[in-house]
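Peer 1: Below is a structure I'd like to ask you about.
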Amino acid sequence: MDKQKTIEALQFFVTNLSNQAFAHKLQGKFFASEGFERLGAKYTGHYDEEIAWVDKFIDRILDLGGEIKHETRPESKIITEPCDYIKKELQVSIDGIELLRKCMASLCEDVTTYDIMKEYLKDEEEDMYWSEQQLYLIERLGYEPWLMKQM
């Protein structure tokens with residue numbers, strides 16, 4: 001098992017997932033302020049879930065004797081249209097799941113990290129399915145009726 005490689009992979013997820021989590025919190029607050037309380041709660045709750053994963057990744061880095069880093073987060077713009085945001089989130093999930101699967105292949109010798117990543121993959125797939133379901137509902141119900149359900 002290559003500990004350093006595992007630590008670098010975990011640090012990558014700590015940095016990127018913490019950035020993504022904070023973006024979810026901002027989006028959730030924005031949607032709630034626009035009157036879309038359910039959608040706001042979905043994304044602020046998603047922040048809490050993702051930060052819990054960041055904590056698990058940090059703990060594993062420390063278990064492996066690694067050094068954790070607070071790396072720079074790139075700027076992220078608020079997307080004001082809920083449907084556009086869900087489409088963006090769906091693509092982020094699709095891309096992230098592919099990246100996660102590739103990463104897991106290189107971590108198979110570290111069973112503990114592999115198991116953590118496997119559980120995280122399941123969580124990400126659930127997020128992808130939720131986004132797909134919302135886009136399906138928008139298509140079936142129409143955008144305005146779907147928006148009304150988010151209030």
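The values are calculated or read from the model by the stated rules, or taken from the named source; none is laboratory data. Quick caveat: nothing in here was measured; it's all calculated off a predicted structure. Here Cβ is always computed from backbone atoms with ideal geometry, including for glycine, and neighbour counts include all displayed protein chains. Just the protein is used for accessible areas: all its heavy atoms, side chains included, with ligands, DNA and RNA removed. Shrake-Rupley method; radii C 1.70, N 1.55, O 1.52, S 1.80 Å.
Peer 1: On the given criteria, is E37 within 11 Å of the chain's Cα centre (by Cα), of a type in the set (D, E) and within 22 Å of E126 (Cβ to Cβ)?
Peer 2: no
Peer 1: Now, a different point. Among the residues in segment 122-140, are any modelled with pLDDT under 95 and under 15 Å from the mean Cα position of the chain (by Cα)?
Peer 2: Scanning segment 122-140, I find no residue that is modelled with pLDDT under 95 and under 15 Å from the mean Cα position of the chain (by Cα), so the answer is no.
Peer 1: Quick one: in segment 52-69, of everything that is aliphatic (A, V, I, L, M) and touching a helix residue (DSSP H, G or I) at 6+ places or on another chain (Cβ under 9 Å), which residue is surrounded by the fewest Cβ atoms within 10 Å (Cβ to Cβ)?
Peer 2: Only one residue tops the list, namely I68.
Peer 1: Residues K3, K29: which one is open to solvent by 80 Å² or more (accessible area, probe 1.4 Å), farther than 30 Å from G142 by Cα and touching a Gly at 6+ places or on another chain (Cβ under 9 Å)?
Peer 2: Only one candidate passes the filter, namely K3.
Peer 1: When only residues in segment 40-75 that are over 15 Å from T113 (Cβ atoms) and among the aliphatic types (A, V, I, L, M) count, which is nearest to the chain's Cα centre (by Cα)?
Peer 2: Per the stated criteria, the residue is I51.
Peer 1: Sticking with this one: Checking the condition open to solvent by less than 20 Å² (accessible area, probe 1.4 Å) and at pLDDT 95 or above, which residue from I79, I86, I116, I94 passes?
Peer 2: From the options I79, I86, I116, I94, the qualifying one is I86.
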